[in-house]
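A short worksheet on the structure shown next.
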Amino acid sequence: MDDIILDVQNLKKYFPIRGGVFQHTVGYVKAVDGISFQLKRGETLGIVGESGCGKSTAGRTILRLHEITGGKVLFNGKDIAKLSKKELRKKRLEMQMVFQDPYSSLNPRMTVGQIIGEALIDHKLMDKNQAKEKVEEIMEVCGLPSYYINRYPHEFSGGQRQRIGIARALVLDPQFVICDEPVSALDVSIQSQIINLLGDLQKERNFSYIFISHDLSVVEYISNRVAVMYLGNIVELADKNEIFDNPLHPYTKALMSAIPVPDPTRKRERIILSGDLPSPSNPPSGCKFRTRCPMACDKCAKEAPEYRDIGGGHFVACHLV
Amino acid sequence: MGKYIVRRLLLMIPILVGVSFIVFLLVASLPGDAVSAHMAGKISPEKLEQNRALLGLDQPVLTRYFNWLGNAIQGNFGTSITYKIPVTEVIGNFVWNSFLLAVVAFVLELLIAIPVGVVSAVKQYSIFDNASTVFCFAVISLPSFFLAMILRFVFSVKLGIFPLDGMETAGVSYTGMQHIGDVAMHMVLPVICLTLLSVGSTTRYVRTSMLEVIRQDYVRTARAKGLPERVVIYKHALKNGMIPIVTFVGGALPSLFAGAMITETIFAWPGIGKVFLDSIGQRDYLFMMGFTMFLAVLVMVGNLLSDILYGVVDPRIRLK
């Protein structure tokens, strides 16, 4: 079990809803409602799901960028939820994040060199000259000419900015990186460059990724295993080939059937889900998916299905499987 | 950059001419004139007319305007009818008294508003934030004359800590440090009054600006780097949050010299605001014109200054 770098156990993140005259808590948005998975060293785990299903919140909560409501996040056996602020700051060096929007996630008043090198200097890992060398080195690795070091973020294109975001995360030599939709703000032509860059860097440095995306083809390309989230829960998790070839959960089936196939003659069966995503502050009883599930039965309304391993590391949460 | 400044300065000329024309028409349309304000009822109507002719007030408005403009271009803004000395000298005599009050109040305002606004934003909806919100709206709602009267009543009449009004104690002539101390004591109440009047809105301004920045993605990026919260707030957030405040500081330049008409009048402070208010009553149109032009120049220089400062603090809009 040595190669497990991250063990997430029943992780929860609830956001309080405040209301009334005195702004007291009147309810909770259950953005992440008990998810569990393990991440191996050197592995890429894709997390997919539609907008608002809690993918990004899950990523941020694992890094404790949001305070954790419940559950455990064991990083190399240490529970992140229990770290003091000081310990957490040190641990942050080992777990980094590439953010979704490269236009807003870089401080507009700092140069690229300052953005990438700041953590190195602040954590006293090296002095200014060493940091500058390291920054230039990582910029070249990420495909940015190092003479851009004194430029400001607004002088770059979207793809270049995302490279800055990646360089910023990797300069600290982290053990795992959460990529929160790193390519969804970019043009398709740039997307493949960035994804290949992420893949190459992983081969060189052997770190683990959690790759959050709503784009199934991107996830299929980069991931070893894939988790499907719906309304704050993981409904299915399996090896990439297994989940794409043999999806078991009705929601996963519907998602898979929505992948466009570049062949106009091929007939395929589309499962169209009706209705909207229910509110995470007031989710349906029993199985949260039952309101949109084409196969829902009485049992689904009464009991929440257990999230269980049906063999070969294929996890699924559905009564009908 | 140099070219940009020259262009902006040249652009001021037509604007100033336009401003002067409109203000001159407005001043001329006031009922009565300097002669009737000073001497009506004291001398015969024929004498009044003679005096008018002497001051050139009997000529048509347009003729008077172009006479004034011709002189003003040569740097001659005329002689104040009330003070019998050149307008520029009147401004020079009184403006520094106003500046003294305004600059101290302005510095105090920033020293209070920025930290309070920042803490309010960082701890939104905390007790501190709610208390500061109540305080801000309370002082925003207070009219200056009411606040000034309360301050005078409590601290001067009842407690006797500070002098009631004026700038120096009458009848004594202090020198050196004693003089400075005397003026400082006289300044306290008007400065408190001016600071309170403006600190509320500035605090809210800083708070809003900071709240906007704190929610930005790059602040989360800074946290993800493992930086201490202090660095996240004061280096990443505050630096960006202060960008709009810089415009505000540039825009405050004219108000430093404009004088506070009501506050200065209530505290009998010999400032330019009080002089200007008096000059309206006296229909001293040359002083009104001269001082308005002075303010117009300051407003434009203030705008130019804040545009330049904007470029200094925000690399995104730095001029090439």
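The values are calculated or read from the model by the stated rules, or taken from the named source; none is laboratory data. All values reported here derive from a predicted model rather than from experimental measurement. Ideal geometry is used to build each Cβ from the backbone, glycine not excepted, and the neighbour counts take in all protein chains shown.
B:Val17 fails exactly one of the following numbered conditions: (1) more than 24 Å from the chain's Cα centre (by Cα); (2) within 30 Å of B:Ser306 (Cβ to Cβ). What is the number of that condition?
Condition not satisfied by B:Val17: (1).
Within segment B:150-165, how many residues turn out to be touching a helix residue (DSSP H, G or I) at 6+ places or on another chain (Cβ under 7 Å) and either among the hydrophobic types (A, V, I, L, M, F, W, C) or loosely packed, with under 14 Cβ neighbours inside 10 Å (or both)?
Number satisfying all stated conditions: 5.
For segment B:263-320, give me each residue that is under 16 Å from the mean Cα position of the chain (by Cα) and hydroxyl-bearing (Ser, Thr, Tyr).
B:Thr263, B:Thr265, B:Thr292, B:Ser306
Answer yes if at least one residue in segment B:134-156 is more than 25 Å from the chain's Cα centre (by Cα) and at pLDDT 95 or above, and no otherwise.
The answer is yes, given that some residue of segment B:134-156 is more than 25 Å from the chain's Cα centre (by Cα) and at pLDDT 95 or above.
For segment A:12-39, how many residues are within 15 Å of the chain's Cα centre (by Cα) and either part of a helix (DSSP H, G or I) or closer than 29 Å to A:Ser257 by Cα (or both)?
7
Scanning for something more than 11 Å from every other protein chain (Cβ to nearest Cβ) and surrounded by fewer than 19 Cβ atoms within 10 Å (Cβ to Cβ), does segment A:84-103 turn up at least one residue?
Going residue by residue through segment A:84-103, those that are more than 11 Å from every other protein chain (Cβ to nearest Cβ) are A:84.
Checking the rest, the ones that are also surrounded by fewer than 19 Cβ atoms within 10 Å (Cβ to Cβ) come to A:84.
Yes: segment A:84-103 contains one or more residues that are more than 11 Å from every other protein chain (Cβ to nearest Cβ) and surrounded by fewer than 19 Cβ atoms within 10 Å (Cβ to Cβ).
What's the total number of residues in segment B:79-99 that are modelled with pLDDT of 90 or more and either closer than 16 Å to B:Met261 by Cβ or buried (at least 21 other Cβ atoms within 10 Å of the Cβ) (or both)?
Going through segment B:79-99 one residue at a time, the tally reaches 8.
Among the residues in segment A:185-197, are any in a strand (DSSP E or B), at pLDDT 90 or above and either within 20 Å of A:Gly143 (Cα to Cα) or of a type in the set (A, V, I, L, M, F, W, C) (or both)? Write out each step before concluding.
Let us first name the residues in segment A:185-197 that are in a strand (DSSP E or B), namely none.
Among the residues of segment A:185-197, not one is in a strand (DSSP E or B), at pLDDT 90 or above and either within 20 Å of A:Gly143 (Cα to Cα) or of a type in the set (A, V, I, L, M, F, W, C) (or both), which makes the answer no.
Hey, could you check segment B:205-257 for residues that are among the aromatic types (Phe, Trp, Tyr) and under 34 Å from the mean Cα position of the chain (by Cα) and say which is nearest to A:Leu88 (Cα to Cα)? Reasoning before the result, please.
Initial filter on segment B:205-257 (among the aromatic types (Phe, Trp, Tyr)): B:205, B:218, B:234, B:248, B:257.
If we keep only those that are under 34 Å from the mean Cα position of the chain (by Cα) too, we end up with B:205, B:234, B:248, B:257.
Working: B:Tyr205: 34, B:Tyr234: 20, B:Phe248: 39, B:Phe257: 52 Å.
Only one residue tops the list, namely B:Tyr234.
Among A:Thr44, A:Thr61, which is touching a helix residue (DSSP H, G or I) at 6+ places or on another chain (Cβ under 9 Å), polar (S, T, N, Q) and within 30 Å of A:Asn206 (Cβ to Cβ)? Give the steps one after another, and end with the answer.
Numbers: A:Thr61 fails: touching a helix residue (DSSP H, G or I) at 6+ places or on another chain (Cβ under 9 Å).
Unique residue meeting the criteria: A:Thr44.
For segment A:108-167, which residues satisfy the criterion of being in a loop (DSSP other than H, G, I, E, B), touching a residue at least 40 places away in the same chain (Cβ under 8 Å) and away from chain B (no Cβ under 14 Å)?
Selection gives A:Cys142, A:Gly143.
Name the single residue, out of those in segment B:186-218 being among the aliphatic types (A, V, I, L, M) and surrounded by fewer than 19 Cβ atoms within 10 Å (Cβ to Cβ), that is farthest from B:Leu147 (Cα to Cα).
Just the residues of segment B:186-218 that are among the aliphatic types (A, V, I, L, M), to begin with: B:187-189, B:191-192, B:194, B:196-197, B:199, B:206, B:210-211, B:213-214.
Now restrict to residues that are surrounded by fewer than 19 Cβ atoms within 10 Å (Cβ to Cβ): B:188, B:192, B:211.
Details: B:Val188: 14, B:Ile192: 10, B:Leu211: 30 Å.
Checking each candidate, the answer is B:Leu211.
Of all residues in segment B:217-252 being small (Gly, Ala, Ser) and assigned to a helix (DSSP H, G or I), which is nearest to A:Leu172 (Cα to Cα)? Give the derivation first.
Narrowing segment B:217-252 to residues small (Gly, Ala, Ser): B:222, B:224, B:226, B:237, B:241, B:250-252.
From what's left, assigned to a helix (DSSP H, G or I): B:222, B:224, B:237, B:241, B:250-251.
Values: B:Ala222: 13, B:Ala224: 11, B:Ala237: 22, B:Gly241: 28, B:Gly250: 41, B:Gly251: 43 Å.
Among those residues, the one meeting the criterion is B:Ala224.
Taking segment B:209-245 on its own, how many of its residues are in contact (Cβ under 8 Å) with a residue 12 or more places away in the chain and either away from chain A (no Cβ under 11 Å) or among the acidic types (Asp, Glu) (or both)?
8
Kindly indicate which of A:Ser274, A:Ser285 is farther than 18 Å from A:Arg225 by Cα, free of Cβ contacts under 8 Å to residues at least 24 places away in the same chain, more than 25 Å from the chain's Cα centre (by Cα) and surrounded by fewer than 10 Cβ atoms within 10 Å (Cβ to Cβ).
Matching residue, one of A:Ser274, A:Ser285: A:Ser274.
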